[in-house]
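Encoded as structure tokens, the structure appears first; notes follow it.
The values are calculated or read from the model by the stated rules, or taken from the named source; none is laboratory data. From a predicted model like this one, the values you see are computed outputs, not experimental measurements. With ideal geometry, Cβ positions are generated from the backbone for all residues, glycine too; neighbour counts draw on all protein chains shown.
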Amino acid sequence: MINLSSIDITNKNLVVRVDMNVPIKEGKILDSTRIESCIPTINYALENNAKVLLVSHLGRPTEGNFDEKFSLKPVAEYLGAIINMPCELILSMESNAIFNGKTDIQFLENIRFFKGEKENCQNLGSKLARLGDIYVFDAFGTAHREQASTHSAIKNAPIACAGLLLEREKNFLSRALNNYESPYVAVIGGAKVSTKLELIKCISSVADYVIVGGGIANTFLKASGLNIGKSLVENSMINTAKDLLEKGKIILPNKVITSKTFEGEDIKEISVGDVSDEEMILDLDLNEETIELIAQAKTILWNGPIGVFENSAFSKGTRNLSEAIANSEAFSLAGGGETLLAINKYIKSDDVSYCSTGGGAFLEFMEGKILPSIDVLNSKATGS
């Protein structure tokens, strides 16, 4: 894979695929993390006197139709404000203003407004790639999707390379998969075992301990023979959970926080063996032994909250986990939207060694899969 930092981009026109799919309400950016993560690549290009045409998707509009609700105009305006430079919005790939505007940074309107994006249309990808001299892929969050702007554009570009963010993501995630130090502690939370099964299997092969939480923990608790009452569970995954438990790496809670309703009726903190038929497990209490495992770790991977932390009554586990990771001296890697929300709520992103911008891409990479965008970048570099 060719990296942006290794090629001469002086006075070149760069088409840069970024992931600025951010939450917007009434024209206001609610979370700018993905925008800010792209700034290093943009600044690097401008410092080398290159011109930049940014490409991103936003939401899920009907392909081929303009919909103001999904316009990137608020994103372009926000970006322009934080880099202190106008960011011109380009509505059409046929526009004569591309790389000929009044500013060195431009933003193509939502790529999903163009028909053929989702089905990886070769014509759209080729058209997109040839708008500039170099196609820079810097959208790690979309690297698991085989679409026109994430795959065929790379394939058809005269020169294609990885941006600074993608390079950084790949290096940090690879460290947790291949260049880790032990003891290695993984924390896997979330609702369903089925969505994290491959991750649990893959990480179990490298980690010394796998702490499970959320609905995932409920399935493992039931598989171990415990009553979980009315808790969320995947009965179809019980046998799989039993097989994973036999490997001896899964860490289950000793105490849980239960309630009869999600609203918090009759909340109790009880032993994991004392859950009644009417109760739901909505949070975990990390015991001293588990906190100590995190404190002694040299590598920590965290994906998914371990309780319904949106409700303060069930936030104790995720809050204590966040603080334990923040206090650890280990190399720590976190990924997933809810995980990052928890980090921003209870600690600071700087308290974690690296917070990935990927959701599905993060999962697939950590499952050991080759992401389509990275695969085609590698093929492009070798000429295969």
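Odds and ends about this structure:
- Selection status of Asn49, in contact with a helix residue (DSSP H, G or I) (Cβ under 6 Å, 6 or more places away or on another chain) and either modelled with pLDDT of 95 or more or of a type in the set (S, T, N, Q) (or both): no
- Some residue of region 240-252 being surrounded by fewer than 19 Cβ atoms within 10 Å (Cβ to Cβ), aliphatic (A, V, I, L, M), under 30 Å from the mean Cα position of the chain (by Cα) and not in a strand (DSSP E or B): yes
- Qualifying residue in region 63-76 (condition: among the hydrophobic types (A, V, I, L, M, F, W, C), assigned by TED's automatic domain parsing to the domain that holds Ile29 and free of Cβ contacts under 8 Å to residues at least 12 places away in the same chain): no
- In region 22-37, the count of residues that are out of contact with any strand residue (DSSP E or B) (no Cβ under 9 Å at 6 or more places or on another chain), in a loop (DSSP other than H, G, I, E, B) and modelled with pLDDT of 95 or more is zero.
- Residue ID - farthest from Pro61 (Cα to Cα), chosen from residues in region 81-91 that are touching a residue at least 12 places away in the same chain (Cβ under 8 Å) and not aliphatic (A, V, I, L, M): Pro86
- Residue match in region 178-192 (condition: over 22 Å from Glu364 (Cβ atoms) and not in a loop (DSSP other than H, G, I, E, B)): no
- Selection status of Gly163, more than 16 Å from Ile300 (Cβ to Cβ), among the small types (Gly, Ala, Ser) and surrounded by 17 or more Cβ atoms within 10 Å (Cβ to Cβ): yes
- Matching residues, region 314-341, being at pLDDT below 95 and of a type in the set (A, V, I, L, M, F, W, C): Leu340, Leu341
- Which numbered condition Leu363 fails, given (1) in the same structural domain as Val210 (by TED's automatic domain parsing); (2) in contact with a strand residue (DSSP E or B) (Cβ under 9 Å, 6 or more places away or on another chain); (3) of a type outside the set (S, T, N, Q): (1)
- Residue match in region 67-74 (condition: within 16 Å of Leu166 (Cβ to Cβ) and crowded, with 18+ Cβ neighbours inside 10 Å): no
- Pairs, first on the phi > 0 side of the Ramachandran plot in region 312-338, second polar (S, T, N, Q) and crowded, with 20+ Cβ neighbours inside 10 Å, C-beta under 6 Å, six or more apart: Gly336/Asn303
- Sub-6 Å Cβ pairs linking a first residue in region 230-254 that is in contact (Cβ under 8 Å) with a residue 12 or more places away in the chain and assigned by TED's automatic domain parsing to the domain that holds Ser204 to a second residue that is in a loop (DSSP other than H, G, I, E, B) and not aromatic (Phe, Trp, Tyr), at least 6 apart or interchain, are Glu234/Lys192; Asn254/Asn287, ordered by first then second residue.
- Any pair with Cβ under 6 angstrom, 6 or more apart, that starts in region 105-131 at a residue that is among the β-branched types (Val, Ile, Thr) and ends at one that is part of a helix (DSSP H, G or I): Ile111/Ser149
- Yes/no for Leu58 being touching a strand residue (DSSP E or B) at 6+ places or on another chain (Cβ under 9 Å), assigned to a helix (DSSP H, G or I) and either modelled with pLDDT of 95 or more or on the phi < 0 side of the Ramachandran plot (or both): no
- Any hit, region 269-279, residues being crowded, with 16+ Cβ neighbours inside 10 Å, among the small types (Gly, Ala, Ser) and assigned to a strand (DSSP E or B): no
- Top-ranked residue in region 326-348 [being in a helix (DSSP H, G or I), of a type outside the set (Gly, Ala, Ser) and more than 15 Å from the chain's Cα centre (by Cα); ranked as surrounded by the fewest Cβ atoms within 10 Å (Cβ to Cβ)]: Asn327
- Looking at region 73-157, the helices (runs of 4 or more DSSP H) lying wholly inside it that each contain 1 or more residues that are hydroxyl-bearing (Ser, Thr, Tyr) and in contact with a strand residue (DSSP E or B) (Cβ under 7 Å, 6 or more places away or on another chain) sit at 73-83.
- Residues satisfying the stated conditions in region 239-275, i.e. of a type in the set (Gly, Ala, Ser) and under 18 Å from Ser312 (Cβ atoms): Ser259, Gly264
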